[in-house]
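Right, one structure below, let's go through it.
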Amino acid sequence: MLDGTLLIHGGDVVTPREVVRGADLLVQGGRIARIARRIRRPAKGCRVIDARRGFVAPGLIDIQVNGAAGVAFNTCTPSEAARVARALAARGVTGFCPTIISCAIDPMLAAVRTLAVPDGRLAGPDGGGPGARSLGLHLEGPHLNPDRPGAHRPECLREPSRHELAELLAAAHGRVAIVTLAPELPGALDAIRYLAGRRVCVAAGHSMASLAEIDAAVDRGLRLATHLYNAMRPPHHRSPGIVEAALTRDAIAVGLIADGVHVHPAAVDIALRCKPPDRVILVSDIISVAGAPRGTATLDGRAVESRDGAAWLAGTETLSGASAFLLEGVCNLVAWLDLPLPRAFQTASLNPARLLGIARRKGSLETGKDADVVVLDRDLRLKATVVEGAVAYEAR
């Protein structure tokens, strides 16, 4: 299908600026060849997806995926990683950052080597259809503040080490896209400068940083706040910190979980009002329980339960991640805030593509870009997912 032709017919096409009513989208050679009304089918072998009475939108890009479908990226095999990629495509995600959380250096290196595939195609020996593409790894930790561990094991957290970071980057062969750390830790500013100089997006998270500490980190290359509000020093009107900095410094993009559990809709609204439209990035932060059969799951050897629409360390009130896929967050933005579709989808497509430096080829429906496309009905329920021109999912 990659070298074939695909016509997505008659849907309302969501572009960065508007919704083009009743248009056709032509895919050739894995890229978007044309968007127009009434494109004639170019060849007998052309496949057609009927999008009438629905929407055609950019494929979603999720920069924080810890696992799904019963699989955790920290301990997965290549076949299990491929299962996650297919599960994501079946929920509208066409590109993502496999996220490895804090652990000892040896298992962290092993996970990096498993997931850092050169072309982003996570394909195991079990075969199966195409899945979402890996766009680079997200290392969330281990250089986090033990006062804000969230679900990370406190005994695995440690101060930043340039030697350790260099070892991880070397093992990934250039496939680390994001590193989340706490900027206030000793050695963190040096680590930020080191990572930024190697074109790694540095994010602040699991942090107790003050406003001044965040500003110092921005000067050295900090670009993102990981899951805003969660595992952060709480806001205070006389002692501003990381949340206030993230909301008011345009140099910082914010990751935001819009599952209705991690962040109240009113706090989501505050972030959208404070930040420029291109600086809010919707993330899922899903873990292995997302898309998995009901039952006991584990996170780093600890039992996890799914309840109230999120994932929790069993028997505690500690959130361990999310169970809602990214498309649900996009739908929530529309339902909660009446956000126009172009802006809602931008938070989960073009904005993360810009952060990752790949917006010239991904993140929006424009001629010449990779054909990463989702087809939805009028209620934004997924009908089909196209990854780089190949149909990765189609609803029965």
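The values are calculated or read from the model by the stated rules, or taken from the named source; none is laboratory data. Just so we're clear, the structure is a prediction, and the values are computed from it rather than from any experiment. Cβ coordinates were reconstructed from backbone atoms using ideal geometry, including for glycine residues, and neighbour counts include every protein chain displayed.
So here's what we get for this one:
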read-out	value
Exclusive hit being in the same structural domain as T94 (by TED's automatic domain parsing), touching a helix residue (DSSP H, G or I) at 6+ places or on another chain (Cβ under 8 Å), buried (at least 16 other Cβ atoms within 10 Å of the Cβ) and over 20 Å from L60 (Cβ atoms), set D300, D278	D300
Residues within the stretch 340-396 that are among the polar types (S, T, N, Q), in contact with a Pro (Cβ under 9 Å, 6 or more places away or on another chain) and more than 14 Å from A132 (Cα to Cα), tallied	4
Pairs, first free of Cβ contacts under 8 Å to residues at least 40 places away in the same chain in the stretch 47-71, second assigned to a loop (DSSP other than H, G, I, E, B), C-beta under 7 Å, six or more apart	none
Filter result for the condition that a residue is under 15 Å from the mean Cα position of the chain (by Cα) and not hydrophobic (A, V, I, L, M, F, W, C), over D308, D259	D259
Residues that are basic (K, R) and either touching a Phe, Trp or Tyr at 6+ places or on another chain (Cβ under 8 Å) or more than 17 Å from N145 (Cβ to Cβ) (or both), drawn from the stretch 218-244	R220, R223, R238
Residue ranges of strands (runs of 3 or more DSSP E) in the stretch 25-71 with at least 1 members outside the structural domain of E305 (by TED's automatic domain parsing) and surrounded by fewer than 16 Cβ atoms within 10 Å (Cβ to Cβ)	31-36, 47-50
Residue identified as in contact with a helix residue (DSSP H, G or I) (Cβ under 7 Å, 6 or more places away or on another chain) and either buried (at least 23 other Cβ atoms within 10 Å of the Cβ) or acidic (D, E) (or both) among I214, I178	I214
Candidates D285, D379, D308 - the one that is of a type in the set (D, E, K, R), out of contact with any Gly (no Cβ under 7 Å at 6 or more places or on another chain) and within 21 Å of N66 (Cα to Cα)	D308
Pair list, Cβ < 8 Å and 6+ apart or interchain, from the stretch 155-178 residues that are under 13 Å from P118 (Cα atoms) to residues that are part of a strand (DSSP E or B) and of a type in the set (S, T, N, Q)	R175/S134
The stretch 13-32, residues that are touching a residue at least 40 places away in the same chain (Cβ under 8 Å) and out of contact with any Pro (no Cβ under 9 Å at 6 or more places or on another chain)	V13, L25, V27, G29, G30, R31, I32
Within the stretch 319-396, helices (runs of 4 or more DSSP H) holding 2 or more residues that are closer than 21 Å to I49 by Cβ	326-337, 341-346
Residue among A335, A314, A322, A290 that is surrounded by fewer than 24 Cβ atoms within 10 Å (Cβ to Cβ), more than 30 Å from E18 (Cβ to Cβ) and of a type in the set (A, V, I, L, M, F, W, C)	A314
